[in-house]
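Each reported figure results from applying straightforward, stated rules to the coordinates on display, with no laboratory input. Everything numeric in this text was worked out from a predicted model, so none of it was measured. Here the Cβ is made from the backbone with ideal geometry for all residues, glycine too, and neighbour counts use every protein chain on show.
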């Protein structure tokens, strides 16, 4: 009895701690993108999503795919979160590469999830799993370093200091820039969630290949600016990159809403 209680306690601590390790946007960034998406749902899509998620909002559901990394039964999902592009592609080159892509990665799994969620006979269990994963991965691929390089694990192996604290490049973009703003996820959403109908239409019309191209282009610039062991000036780095971070969070939310409206609306 005590042993089972101890196992549950350890698993609980692991689930709480897991988001701190390696994930796109960190807990707050994912919730911001999810909250933005929620604001652009059609009534029909909102009702369908509510039927699947229950009282779990899109913002809260956004982090499930990272929390579940602590459960070995879901370890097969780990490679769904990113796609490695180890060279600079032009957009036509990238589209050609993706047309031939058969790997288990964010691109192939996004297409899989969208296709599955359109099926009328999908089981309730799979609807919940696939919707949670779709929400998360759409947000993931807008964090530029989730379209990064294999050899440095998307910037995780590029060690830096941020305000004199040891960290890595991936973590800076996951969470540290966002947390530096010192806003709750609802406050953050209110700050950046300002779009025109024309912007939303343009972003939602773009295919997934274009999302990945945008992220890879940003990732290339991020890589070019730093090297392993650099000490970042937090204030200056924030000033130089906060607009990009906010734009990517905003695009993630708007495009997620577009996909959900397409599936359920």
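Does segment 159-206 classify as rounded, prolate or oblate by the C-alpha gyration tensor (a ≥ b ≥ c root eigenvalues; a/c under 1.5 gives rounded; else a/b over b/c gives prolate, otherwise oblate)? Oblate, since a/c reaches 1.5 and b/c is not below a/b. With R₀ fixed at 35 Å, the C-beta to C-beta distance from residue 230 to residue 182 puts the FRET efficiency at about 0.90. Residues considered: 155, 26, 115. Largest GNM mean-square fluctuation over the chain, using C-alpha springs under 10 Å, is found at 115.
The value of relative contact order for the chain, using C-alpha pairs under 8 Å at least six residues apart, is 31 percent. Between residue 125 and residue 198, the distance separating the two model label sites (each 7 Å from Cα on the Cα→Cβ line) works out to 5.0 nm. From most to least packed by mean Cβ count within 10 Å, the peptides 252-260, 230-238 give 252-260, 230-238.
The distance separating the Cα centre of segment 192-265 from that of segment 133-149 comes to 10 Å. Highest GNM mean-square fluctuation among 100, 182, 248, for the chain modelled with Cα contacts below 10 Å: 100.
Provide the packing ranking of 61-72, 133-144, 117-128, i.e. peptides ordered by the mean count of other C-beta atoms within 10 Å per residue, highest first.
133-144, 61-72, 117-128
Would you calculate the separation in nanometres between label points at residue 108 and residue 87, each defined as 7 Å from the Cα along the Cα-to-beta-carbon direction? Label at residue 108, label at residue 87, 2.0 nm between them. Helical content alone sets the calculated 222 nm signal of the chain at -18500 deg cm²/dmol, taking -39,500 (n - 2.57) per DSSP H segment of four or more residues and averaging over every residue.
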